[in-house]
Amino acid sequence: MLICRIFVKLMGISGVWLLSITDKLFFEILNSPAVAVIEEVDERHFTEFVCRLNRYLTEYAPDDDDFKQYVEINATYLTFIKKKPMHPVGMAFSQGKAITYKNNKFYCPMKNWQSDTLSLCEYCITNDFSKS
């Protein structure tokens with residue numbers, strides 16, 4: 001898949017690791033049993049998420065419709081169905097701090113640092129890393 005090769009080239013070794021995680025997630029989604037209603041989702045919150053995600057992808061992946069669809073499916077599934085972070089546990093950010101899971105909670109070192117109006121952090125289940 002061209003998207004995978006480009007992604008790996010851009011991300012290097014960590015990209016290969018991340019790609020293997022997202023591939024597993026995508027196959028999990030494909031193999032999930034269909035359920036009519038898992039739980040109610042706030043429609044306004046969901047609509048805001050979708051709009052922000054679309055703006056983000058239009059800005060950062062303007063000419064890659066396949067990649068956009070891939071990210072839309074994974075991000076929506078993680079956020080509203082699995083209730084997991086959009087970035088995998090162990091993914092490192094600045095200063096070597098990474099997404100962690102401790103005491104049944106997810107923590108992100110970037111949770112309160114994103115000031116970008118396109119950021120999806122407010123929709124992510126993670127807690128502020130400094131409170132871990």
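The values are calculated or read from the model by the stated rules, or taken from the named source; none is laboratory data. Note that the structure is predicted; figures quoted are calculated from it, not measured. We place every Cβ from the backbone using ideal geometry, glycine too, and count neighbours over all the protein chains shown.
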Point to revise | Top-ranked residue of the stretch 113-130 - restricted to ones that are over 15 Å from residue 54 (Cα atoms) and acidic (Asp, Glu), ranked as surrounded by the most Cβ atoms within 10 Å (Cβ to Cβ) | key: 128
**Study point:** Qualifying positions in the stretch 123-132 - modelled with pLDDT of 90 or more and in a loop (DSSP other than H, G, I, E, B)
**Key:** 124, 125, 126
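Criterion first (buried (at least 18 other Cβ atoms within 10 Å of the Cβ) and modelled with pLDDT under 85) does residue 56 satisfy it? Spell out the reasoning first.
Details: buried (at least 18 other Cβ atoms within 10 Å of the Cβ): yes; modelled with pLDDT under 85: no.
Criteria not met by residue 56.
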Review point. Under the condition of being over 8 Å from the mean Cα position of the chain (by Cα) and without any contact (Cβ under 8 Å) to a residue 24 or more places away in the chain, which residue from the stretch 64-89 is farthest from residue 121 (Cα to Cα)?
Key: 65
Review point. Scanning for something in contact with a Pro (Cβ under 7 Å, 6 or more places away or on another chain) and at pLDDT 90 or above, does the stretch 100-122 turn up at least one residue?
Key: yes
